[in-house]
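The next block holds one structure in the form of structure tokens; read it before the comments.
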Amino acid sequence: MSYKTVSFNIGTAVAGTNVDVETVGFPCRAVVLVANGRTGSVDANGAATYQQSIGFANSSTSRRYVARMSENGVLSSNVMGGDGSDACIAAISTGGAYVGKADFVSSLPLGFRLVIDQQFTPNLRVTAHCFDEATFTQAETGIFTERATPGNLNVPTSFEFDHLFMVGEASGAAQPSLNVNGRICFGFCDATFNQAVWMGGSLDGQATSSTGGYCRMGEVAAHRTNSTTLSINSRLAITAKSATNFSVNNIQVVGTAARQYMFLILKGGRSIVGSLLTEDDTITPMVESGFGWTPAGAMFVSGSEPEDAADTPHTKDEMSLGGFDAASDLCHSQRDDNEEATTEVSTGIDFNDCYMNLDNAGALDATMRKQTIDSGGFTTIMSNAENPGFSAFTPYMAFEEVSTDIGARYMQLGSNFGISTFGQGAGRIN
């Protein structure tokens, strides 16, 4: 299996403690990590402060994260955001401080190892999207600053990518940053420049909450302004790539924030970025086909709204970020409502679905899961239907299943150390 999604708790151990995640089943070339403040290991959703973080890593010196917090049930919005290149997952408290950071250490025969850099106060439940060493032969992360004016920017790399992920935090502050407001984005791009972006942004210190979102194909990154007049101030798209760089078109640049964007690129195997529309019943399958290969799984991101027109955000900051492989469906979600005198923030976690839509009270609106993995694509089905007449635009990135003799590879690795077998181990904290 080339791609797998697993879930684990980060723990509350002291700095210097290793966290071994050994439920993946293969050594990881790279990981994408997701958390939203939820700590449990069963399906749950409801009103709650979110402590969101998205990060990625491929080595102990190549890791990046964005993080943000929005407090539920307060009269003046309390929102913070930050980013850094010193960890791969982080948490921010309602007091406006980092209350946990973890770094990537190395691949393990059956997964990967993190180390606690700063003790976590919340025992975050983290979803890891994992990419195997056999299929994905190269990986690296990087960071660049947008242009001051619209136009193309060449970003140096050490190889030509087949798959790209991008995250960003909108302040432009020096890393590791911690800032008022919580404005982040997440996007992905395949080898033929099919790409999609999700953006969410909530403002701090507002008597009436000011939140917005943006999700569409054709762009890989975007940000909203820090003005209560909701608008977009930065949009990016990948336009070219080579063995030494990739080219980013800064479609739109407003202001002088010098916003920074971080990326993970991978080499090897195939992927495709596409999109689907969720359904308002539980019987209509959503069939994605024509890939030309069988997927190992897919990642999904959505703002739980229709697709936005270019440069046209919607009110409400909501995100569903999940994935499936042959054995699992996992999802995190959160929502921060707009124009509320008392903030209405909610979160959800789901261990049976890859998409989750929450209402303004944090109740479940809809969920979606895989139905089948097909020879040329996949099929999903709603496990809980959307409201009548509604469909949510939901981009995905699907990854090719590449057959490898995993058992033989582990036996060879074991023999190198005089070990005859490796047992399947659960995630553990050392």
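The values are calculated or read from the model by the stated rules, or taken from the named source; none is laboratory data. Because the structure is predicted, anything quoted here is derived from the model rather than measured. Cβ atoms come from the backbone with ideal geometry, glycine included; neighbour counts cover every protein chain shown.
Answer with yes or no whether Met368 is closer than 14 Å to Ser328 by Cα and aliphatic (A, V, I, L, M).
Details: closer than 14 Å to Ser328 by Cα: yes; aliphatic (A, V, I, L, M): yes.
The answer is yes for Met368.
Suppose we filter Phe422, Phe378 for residues that are among the aromatic types (Phe, Trp, Tyr), surrounded by 13 or more Cβ atoms within 10 Å (Cβ to Cβ) and modelled with pLDDT under 95; which single one remains? I'd like the intermediate steps shown before the answer.
On the way: Phe378 fails: modelled with pLDDT under 95.
One residue alone meets the criteria, Phe422.
Answer yes or no: is there a residue in region 145-152 that is among the polar types (S, T, N, Q) and buried (at least 20 other Cβ atoms within 10 Å of the Cβ).
For region 145-152, residues among the polar types (S, T, N, Q) and buried (at least 20 other Cβ atoms within 10 Å of the Cβ): absent.
So which of Ala48, Ala57, Ala44 is closer than 16 Å to Cys130 by Cα, at pLDDT 95 or above and either surrounded by fewer than 22 Cβ atoms within 10 Å (Cβ to Cβ) or in contact with a Cys (Cβ under 8 Å, 6 or more places away or on another chain) (or both)? Can you show your working first?
Numbers: Ala48 fails: closer than 16 Å to Cys130 by Cα; Ala44 fails: closer than 16 Å to Cys130 by Cα.
Among Ala48, Ala57, Ala44, only Ala57 is closer than 16 Å to Cys130 by Cα, at pLDDT 95 or above and either surrounded by fewer than 22 Cβ atoms within 10 Å (Cβ to Cβ) or in contact with a Cys (Cβ under 8 Å, 6 or more places away or on another chain) (or both).
Would you check if there is a residue in region 165-187 being closer than 30 Å to Leu276 by Cα, part of a loop (DSSP other than H, G, I, E, B) and within 20 Å of the chain's Cα centre (by Cα)? Give the derivation first.
Filtering region 165-187 for residues closer than 30 Å to Leu276 by Cα gives 165-170, 182-187.
Imposing the further condition that a residue be part of a loop (DSSP other than H, G, I, E, B) reduces the set to 170.
Retained after the next criterion (residues that are within 20 Å of the chain's Cα centre (by Cα)): 170.
Yes; the residues of region 165-187 include at least one that is closer than 30 Å to Leu276 by Cα, part of a loop (DSSP other than H, G, I, E, B) and within 20 Å of the chain's Cα centre (by Cα).
So, in region 233-266, of the ones that are of a type in the set (A, V, I, L, M) and modelled with pLDDT under 95, which residue ends up nearest to Met397 (Cα to Cα)? Lay out the reasoning, then the answer.
First, pick out the residues of region 233-266 that are of a type in the set (A, V, I, L, M): 236-238, 240, 243, 248, 251, 253-254, 257-258, 262, 264-266.
Subset that is modelled with pLDDT under 95: 253-254, 257-258.
Values: Val253: 27, Val254: 29, Ala257: 30, Ala258: 29 Å.
Top of the filtered list is Val253.
Looking at this structure, is Asp308 of a type outside the set (Val, Ile, Thr), crowded, with 18+ Cβ neighbours inside 10 Å, under 16 Å from the mean Cα position of the chain (by Cα) and not in a strand (DSSP E or B)?
Against the criterion (of a type outside the set (Val, Ile, Thr), crowded, with 18+ Cβ neighbours inside 10 Å, under 16 Å from the mean Cα position of the chain (by Cα) and not in a strand (DSSP E or B)), Asp308 does not qualify.
Condition check: hydroxyl-bearing (Ser, Thr, Tyr) and either under 22 Å from the mean Cα position of the chain (by Cα) or on the phi > 0 side of the Ramachandran plot (or both). Does Ser346 satisfy that?
Values: hydroxyl-bearing (Ser, Thr, Tyr): yes; either under 22 Å from the mean Cα position of the chain (by Cα) or on the phi > 0 side of the Ramachandran plot (or both): yes.
Here the answer is yes, as Ser346 does meet what is asked.
Within region 70-80, is even one residue closer than 14 Å to Phe104 by Cα and out of contact with any Pro (no Cβ under 6 Å at 6 or more places or on another chain)? Step through it out loud before you land on a result.
Quick first cut of region 70-80, residues closer than 14 Å to Phe104 by Cα only: none.
No, because not a single residue in region 70-80 is closer than 14 Å to Phe104 by Cα and out of contact with any Pro (no Cβ under 6 Å at 6 or more places or on another chain).
List the pairs whose first member sits in region 358-370 and is of a type in the set (Asp, Glu), whose second member is in a loop (DSSP other than H, G, I, E, B), and whose Cβ atoms are under 8 Å apart, counting only residues at least 6 apart or on separate chains?
Hits for this filter: Asp365/Ser304; Asp365/Asp359; Asp365/Glu386; Asp365/Asn387.
I need a count of the residues in region 180-202 that are crowded, with 21+ Cβ neighbours inside 10 Å and either of a type in the set (Gly, Ala, Ser) or under 19 Å from Asp83 (Cα atoms) (or both). Write out each step before concluding.
Taking region 180-202 and keeping what is crowded, with 21+ Cβ neighbours inside 10 Å, we get 181-190, 195-202.
Applying the additional criterion that residues be either of a type in the set (Gly, Ala, Ser) or under 19 Å from Asp83 (Cα atoms) (or both) yields 181-188, 196-202.
The number of residues fulfilling the criteria is 15.
With the requirement that a residue be assigned to a strand (DSSP E or B) and either farther than 13 Å from His129 by Cα or polar (S, T, N, Q) (or both), what does region 320-353 give you? Outline the logic, then answer.
Looking only at region 320-353, we keep the residues that are assigned to a strand (DSSP E or B), and these are 320-325, 329-336, 345-350.
Listed by number, the residues that qualify are Ser320, Ser333, Gln334, Arg335, Asp336, Val345, Ser346, Thr347, Gly348, Ile349, Asp350.
Would you say Asp329 is of a type in the set (Asp, Glu) and in contact with a Cys (Cβ under 6 Å, 6 or more places away or on another chain)? Quick ask: steps written out before the conclusion?
Values: of a type in the set (Asp, Glu): yes; in contact with a Cys (Cβ under 6 Å, 6 or more places away or on another chain): yes.
In short, yes.
Mind checking which residues of region 258-297 are crowded, with 16+ Cβ neighbours inside 10 Å, part of a loop (DSSP other than H, G, I, E, B), at negative phi and not charged (D, E, K, R)?
Thr278, Phe291, Trp293, Thr294
Inspect all residues belonging to region 209-223 and state whether any of them is surrounded by fewer than 20 Cβ atoms within 10 Å (Cβ to Cβ), aliphatic (A, V, I, L, M) and in contact with a Gly (Cβ under 9 Å, 6 or more places away or on another chain).
To start, the set of residues in region 209-223 that are surrounded by fewer than 20 Cβ atoms within 10 Å (Cβ to Cβ) comprises 217-218.
This time we only want the ones that are aliphatic (A, V, I, L, M), so: 217.
Remaining after also requiring in contact with a Gly (Cβ under 9 Å, 6 or more places away or on another chain): 217.
Scanning region 209-223 turns up at least one residue that is surrounded by fewer than 20 Cβ atoms within 10 Å (Cβ to Cβ), aliphatic (A, V, I, L, M) and in contact with a Gly (Cβ under 9 Å, 6 or more places away or on another chain).
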